[in-house]
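> Sharing a structure, written as structure tokens. Questions coming.
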Amino acid sequence: MSSGRSYHSVVLVKQVPDTHHITGEVMKKDGTMNRGALPAIFNPEDLNALEMALQVKDKYGGQVTVITMGPPKAAEVLRESLYRGADRVILLTDKKFAGADTLATSYALSCAIQKLGDYDLMFAGRQAIDGDTAQVGPQTAEKLGIPQITYAELILDLDGDEVVAQRAFEMGTEIVKCKLPCLLTVVGSANRPRPASARRRIEYKLAATPLEYKSLLKQWPEFETEAALEDYLTVRNLKIEVWTAADVEADEGKLGLAGSPTQVYKVNFVVLESTDNKEIQANREGIKALIEELVQEYIVG
Amino acid sequence: MTDQRNVWVFIEQEEGVIADVSLELLGKGRDLANRLGSELWAVLGGHRVEELAERVIHYGADRVLLADHPELELYRTLPYARVAIDLIRARQPYIFLVGASPIGRDFAPRVASAVRAGLTADCTDLQIGAYTSKKDNQTHQDLLLQIRPAFGGNLIATIVNPHMHPQMATVRSGVMRQPEPDSSRQGVVEKIEPAFEKGDFALQILSRETRQSTVNLKDAATIVSGGGGVTSPEEFQLLQDLAHVLGGEVGASRAAVDAGYISREHQVGQTGTTVRPRLYIAAGISGAVQHRAGMDESHKIIAINTDPNAPIFDIAHYKIVGDLKEVVPMIIEALREKAK
């Protein structure tokens, strides 16, 4: 069935705080959060998305481009992508993106993908563990005017201008055929992401964005100047591209806080009671107080 | 139209069966519309689903926008989104609520992006209230306060969408209470002719397999489970009653399944379903590792056991040492009291 052509895949990834492993040190006693204590990780389902794209490349040939939007330190997930087999990685970063909700984020990402030009497949994890919204993928697809296959578990066939994929959700599975280019949001059960390759880890260890040159110079004083470091990295194809709002020709009114229809009105911290629990007396008063507490914390309606 | 501030609910149906979450949203939507002094409208898409429209009215809608078309027989993102996007542009609802089901979470972001509306996922509560925007220092009355857990459930955020309407939110199944249908309720059914474009059919469904399960532990916001400490069907019925009052699902440890009180599809644990509800009530469950592995990431755990040293208490947030025969009825009573 294969048409013998290769495919260009774009993968959207995100660096997220590891919310699944929040410990007592992260949530302070007064209920505020110590963000510094939260390790930043590659969003788990984005690794499944990258793996699916790499498998397309393994089978049909082509290219895998990884884009992340985030602060300068998000370059870490781009290096991780290079270690696993990505061909090209791009950091989309700008102070103007700060405070973006899913609508403003998807707008910025869609501008970056438009700048990228032709692609056949766009991949993203089903959702990110910091927000669990599952919105940015479909919203980016909408802005690009391409169809979407959410909860993708398996690519069954790629035939020139169509993809056949299996979707998986709690109540069943569905096999769909969709015109390219399209978005696939990938579920965690799709595959086992490959580990970083030892060879590529050595090869791309120095890969860096210009935003990281200053700190790199401290580690490698022999380069003396940023320009010398830049030359070294450019020749070896280790310079990670950085795109700003201006680079992707984004309309500033649609970016960041200004471009976000949703605003956070207030945040209430849920205080974790370390490991010890609260003993409730098995009588009417005890139970009544318990229910009142649960109602106040929005646990029961 | 714009000053009507109507509340809309997306009615999700498969094979002529309306999803529970849609009925629950009709209940919540009715409350919000009453609070705003406006109408509750429902958007119903499908093929040969006209008879469902009356049901939607019985559950609280004033008007049903009915798009009945062969291309809408099975849910597909683009044709369904087309119907909703065109309707929103023409009629400008104030609020649009969608179930946070696999279909709703596929549909809502697509629609929100097209109409440039704010969308908040997985709300656990919706209220009407005032908000003073930091952007322009203006106070906006009667906004939808969209309350949801964030950061892996470690905080509760209230989100508002003061400027770009509709205010959109998704809500998980089992979070809101399903209203009692009123068969005497009257409403308007308005037929809509969808204006599809060729690109809307970019995706074709080749086959689908649905598991006919009435149990949806994974999506449940609340689960009440029984274990080896349950010694009679009457006691297990108490847990069913509690789950019903909470709008939650019934779960079980392997001991209760093996004892025949409930079918295996209700089993929580390594060999059953892994769940992470907002509230997990473990009644008469000792807390073997295999059960704990399937529920220990629950946001809040209440454990009820006669043995003060039961391992379940190690992971419980609330420890109740007592007999479930006595404790469970007390919880039901307290909840009913609260609901009054």
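> Taking the condition at pLDDT below 95 and at the interface with another protein chain (Cβ under 8 Å from one of its Cβ atoms), does B:ALA150 pass?
Values: at pLDDT below 95: yes; at the interface with another protein chain (Cβ under 8 Å from one of its Cβ atoms): yes.
Here the answer is yes, as B:ALA150 does meet what is asked.
> Go through segment A:141-152 and give me each residue that's crowded, with 23+ Cβ neighbours inside 10 Å and more than 8 Å from chain B (Cβ to nearest Cβ).
Within segment A:141-152, A:ALA152 is the sole residue that qualifies.
> Hey, another quick one. Within segment B:33-53, can you find the residues that are over 19 Å from the mean Cα position of the chain (by Cα), part of a helix (DSSP H, G or I) and not charged (D, E, K, R)?
B:ASN34, B:LEU36, B:LEU52, B:ALA53
> Still on this structure: Kindly check whether there is at least one residue in segment A:189-198 that is among the hydrophobic types (A, V, I, L, M, F, W, C), within 18 Å of the chain's Cα centre (by Cα) and buried (at least 20 other Cβ atoms within 10 Å of the Cβ).
Within segment A:189-198, the subset among the hydrophobic types (A, V, I, L, M, F, W, C) is A:190, A:196, A:198.
With within 18 Å of the chain's Cα centre (by Cα) added as a condition, the list becomes A:190, A:196.
From the residues that got through so far, the ones that are buried (at least 20 other Cβ atoms within 10 Å of the Cβ) too are A:190.
Checking segment A:189-198: at least one residue is among the hydrophobic types (A, V, I, L, M, F, W, C), within 18 Å of the chain's Cα centre (by Cα) and buried (at least 20 other Cβ atoms within 10 Å of the Cβ).
> Would you confirm whether or not segment B:14-32 contains a residue that is part of a loop (DSSP other than H, G, I, E, B), over 28 Å from A:GLY131 (Cα atoms) and in contact with a Lys or Arg (Cβ under 7 Å, 6 or more places away or on another chain)? Talk me through it step by step, then tell me what you get.
Residues of segment B:14-32 part of a loop (DSSP other than H, G, I, E, B): B:15-16, B:19.
Of the ones still in play, those that are also over 28 Å from A:GLY131 (Cα atoms) are B:15-16.
When the remaining residues are screened for being in contact with a Lys or Arg (Cβ under 7 Å, 6 or more places away or on another chain), the result is none.
So far as segment B:14-32 goes, no, none of its residues is part of a loop (DSSP other than H, G, I, E, B), over 28 Å from A:GLY131 (Cα atoms) and in contact with a Lys or Arg (Cβ under 7 Å, 6 or more places away or on another chain).
> Here's another thing I want to ask about it. With the structure loaded, tell me whether B:VAL275 is of a type outside the set (Phe, Trp, Tyr) and out of contact with any strand residue (DSSP E or B) (no Cβ under 6 Å at 6 or more places or on another chain) or whether it fails that test.
Values: of a type outside the set (Phe, Trp, Tyr): yes; out of contact with any strand residue (DSSP E or B) (no Cβ under 6 Å at 6 or more places or on another chain): no.
When the stated conditions are applied, B:VAL275 does not pass them.
> Any idea which of (1) in a strand (DSSP E or B); (2) away from chain A (no Cβ under 11 Å); (3) within 30 Å of A:LEU156 (Cα to Cα) is the one B:VAL189 doesn't satisfy?
Single failed check for B:VAL189: (3).
Each row is one residue, and each column tells you yes or no for (1) assigned by TED's automatic domain parsing to the domain that holds B:GLN178; (2) in contact (Cβ under 8 Å) with a residue 40 or more places away in the chain; (3) among the hydrophobic types (A, V, I, L, M, F, W, C).
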| site | (1), (2), (3) |
| --- | --- |
| B:LEU26 | yes, yes, yes |
| B:LEU40 | yes, no, yes |
| B:GLU51 | yes, no, no |
| B:ASP62 | yes, yes, no |
| B:LEU72 | yes, yes, yes |
| B:LEU78 | yes, yes, yes |
| B:LEU87 | yes, yes, yes |
| B:VAL98 | yes, yes, yes |
| B:PRO102 | yes, no, no |
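> Regarding segment B:129-144, can at least one residue be identified that is assigned to a loop (DSSP other than H, G, I, E, B), of a type outside the set (Ser, Thr, Tyr) and buried (at least 17 other Cβ atoms within 10 Å of the Cβ)?
Filtering segment B:129-144 down to residues assigned to a loop (DSSP other than H, G, I, E, B) leaves B:133-138.
Now restrict to residues that are of a type outside the set (Ser, Thr, Tyr): B:134-138.
If we keep only those that are buried (at least 17 other Cβ atoms within 10 Å of the Cβ) as well, we get none.
No, segment B:129-144 contains no residue that is assigned to a loop (DSSP other than H, G, I, E, B), of a type outside the set (Ser, Thr, Tyr) and buried (at least 17 other Cβ atoms within 10 Å of the Cβ).
> Looking at B:THR120, is it out of contact with any Pro (no Cβ under 7 Å at 6 or more places or on another chain) and either surrounded by fewer than 16 Cβ atoms within 10 Å (Cβ to Cβ) or hydroxyl-bearing (Ser, Thr, Tyr) (or both)?
Numbers: out of contact with any Pro (no Cβ under 7 Å at 6 or more places or on another chain): yes; either surrounded by fewer than 16 Cβ atoms within 10 Å (Cβ to Cβ) or hydroxyl-bearing (Ser, Thr, Tyr) (or both): yes.
Yes.
> Moving on to the next point. Quick check: anything in segment A:121-131 modelled with pLDDT of 95 or more and either away from every other protein chain (no Cβ under 14 Å) or assigned to a helix (DSSP H, G or I) (or both)?
yes
> Going through segment B:304-328 one residue at a time, which ones are under 25 Å from the mean Cα position of the chain (by Cα) and more than 8 Å from chain A (Cβ to nearest Cβ)?
If the condition is that a residue be under 25 Å from the mean Cα position of the chain (by Cα) and more than 8 Å from chain A (Cβ to nearest Cβ), then B:VAL328 is the only one that fits.
> In segment B:7-22, what residues are in contact (Cβ under 8 Å) with a residue 24 or more places away in the chain and surrounded by fewer than 23 Cβ atoms within 10 Å (Cβ to Cβ)? Show your work before the answer.
The first filter runs over segment B:7-22 and keeps only residues in contact (Cβ under 8 Å) with a residue 24 or more places away in the chain, leaving B:7-14, B:16, B:18-22.
B:GLN13, B:GLU14, B:GLY16, B:ILE18, B:ALA19, B:ASP20, listed by residue number.
Here is a yes/no grid of residues against (1) in the same structural domain as B:GLN290 (by TED's automatic domain parsing); (2) at pLDDT 95 or above:
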| residue | (1), (2) |
| --- | --- |
| B:GLU209 | no, no |
| B:SER213 | no, no |
| B:LEU217 | no, no |
| B:GLY229 | yes, no |
| B:GLU234 | yes, no |
| B:LEU239 | yes, yes |
| B:LEU246 | yes, no |
| B:ARG254 | yes, no |
| B:ILE262 | yes, no |
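> Listed residues B:ARG35, B:ARG105; which is of a type in the set (Lys, Arg) and surrounded by fewer than 24 Cβ atoms within 10 Å (Cβ to Cβ)?
Values: B:ARG105 fails: surrounded by fewer than 24 Cβ atoms within 10 Å (Cβ to Cβ).
That would be B:ARG35, the only listed residue that is of a type in the set (Lys, Arg) and surrounded by fewer than 24 Cβ atoms within 10 Å (Cβ to Cβ).
> With the requirement that a residue be buried (at least 23 other Cβ atoms within 10 Å of the Cβ) and away from chain A (no Cβ under 13 Å), what does segment B:206-228 give you?
Of the residues in segment B:206-228, the ones buried (at least 23 other Cβ atoms within 10 Å of the Cβ) are B:217, B:220-227.
Across segment B:206-228, the qualifying residues are B:SER225, B:GLY226, B:GLY227.
> Ok, one more. Taking A:VAL235 and the conditions (1) of a type in the set (A, V, I, L, M); (2) more than 21 Å from the chain's Cα centre (by Cα); (3) away from chain B (no Cβ under 14 Å); (4) surrounded by 17 or more Cβ atoms within 10 Å (Cβ to Cβ), which numbered condition does it fall short on, given that it satisfies the others?
All conditions pass for A:VAL235, except number (4).
> Kindly indicate the residue of segment B:176-191 that is among the basic types (Lys, Arg) and under 23 Å from B:ASP68 (Cα atoms) and also surrounded by the fewest Cβ atoms within 10 Å (Cβ to Cβ) among those meeting that condition.
Going through segment B:176-191, the residues among the basic types (Lys, Arg) turn out to be B:177, B:185, B:191.
Retained after the next criterion (residues that are under 23 Å from B:ASP68 (Cα atoms)): B:185, B:191.
Working: B:ARG185: 14, B:LYS191: 11.
My answer is B:LYS191.
> Among the candidates B:GLN146, B:GLN186, which residue alone is touching a residue at least 12 places away in the same chain (Cβ under 8 Å), over 28 Å from A:ALA128 (Cβ atoms) and among the polar types (S, T, N, Q)?
Working: B:GLN146 fails: over 28 Å from A:ALA128 (Cβ atoms).
That would be B:GLN186, the only listed residue that is touching a residue at least 12 places away in the same chain (Cβ under 8 Å), over 28 Å from A:ALA128 (Cβ atoms) and among the polar types (S, T, N, Q).
> State all residues of segment B:153-175 that are outside any strand (DSSP E or B), under 18 Å from B:GLN92 (Cα atoms) and either more than 7 Å from chain A (Cβ to nearest Cβ) or in contact (Cβ under 8 Å) with a residue 40 or more places away in the chain (or both); if no residue qualifies, say none.
B:ASN161, B:MET164, B:HIS165, B:PRO166
> Quick check: anything in segment B:88-104 touching a strand residue (DSSP E or B) at 6+ places or on another chain (Cβ under 9 Å), part of a helix (DSSP H, G or I) and within 7 Å of chain A (Cβ to nearest Cβ)?
Initial filter on segment B:88-104 (touching a strand residue (DSSP E or B) at 6+ places or on another chain (Cβ under 9 Å)): B:88, B:91, B:93-104.
Of the ones still in play, those that are also part of a helix (DSSP H, G or I) are B:88, B:91, B:102-104.
Now narrow it down to the ones that are within 7 Å of chain A (Cβ to nearest Cβ): B:102.
Yes: one or more hits.
> I want to confirm something. Restricting to segment B:124-147 and keeping residues that are at the interface with chain A (Cβ under 7 Å from one of its Cβ atoms) and of a type in the set (A, V, I, L, M, F, W, C), which single residue is farthest from the chain's Cα centre (by Cα)?
Among those residues, the one meeting the criterion is B:LEU145.
> Here are the criteria: (1) within 14 Å of A:LEU294 (Cα to Cα); (2) within 10 Å of chain A (Cβ to nearest Cβ); (3) surrounded by 20 or more Cβ atoms within 10 Å (Cβ to Cβ); (4) touching a residue at least 40 places away in the same chain (Cβ under 8 Å). Tell me which single one B:ILE281 does not satisfy.
All conditions are met except number (2).
> Another question, if that's okay. May I ask you to verify whether A:THR209 is of a type in the set (S, T, N, Q), within 14 Å of another protein chain (Cβ to nearest Cβ) and touching a helix residue (DSSP H, G or I) at 6+ places or on another chain (Cβ under 7 Å)? I'd like the intermediate steps shown before the answer.
On the way: of a type in the set (S, T, N, Q): yes; within 14 Å of another protein chain (Cβ to nearest Cβ): no; touching a helix residue (DSSP H, G or I) at 6+ places or on another chain (Cβ under 7 Å): yes.
Against the criterion (of a type in the set (S, T, N, Q), within 14 Å of another protein chain (Cβ to nearest Cβ) and touching a helix residue (DSSP H, G or I) at 6+ places or on another chain (Cβ under 7 Å)), A:THR209 does not qualify.
> Another question, then. Of the residues B:SER286, B:SER232, B:SER207, which single one is in contact (Cβ under 8 Å) with a residue 24 or more places away in the chain and of a type in the set (Ser, Thr, Tyr)?
On the way: B:SER232 fails: in contact (Cβ under 8 Å) with a residue 24 or more places away in the chain; B:SER207 fails: in contact (Cβ under 8 Å) with a residue 24 or more places away in the chain.
Sole residue among the options that is in contact (Cβ under 8 Å) with a residue 24 or more places away in the chain and of a type in the set (Ser, Thr, Tyr): B:SER286.
> Kindly list, by first and then second residue, each pair from a residue in segment A:80-109 that is under 25 Å from A:GLU252 (Cβ atoms) to a residue that is among the acidic types (Asp, Glu) and assigned to a helix (DSSP H, G or I), limited to pairs with Cβ atoms under 7 Å and residues at least 6 apart or on different chains.
As it stands, the answer is A:LYS96/A:GLU252, since those pairs meet every condition given.
The values are calculated or read from the model by the stated rules, or taken from the named source; none is laboratory data. All of these numbers come straight from a predicted model, not from anything done at the bench. A quick note on method: Cβ atoms are made from the backbone with ideal geometry, for glycine too, and the neighbour counts reach across all protein chains shown.
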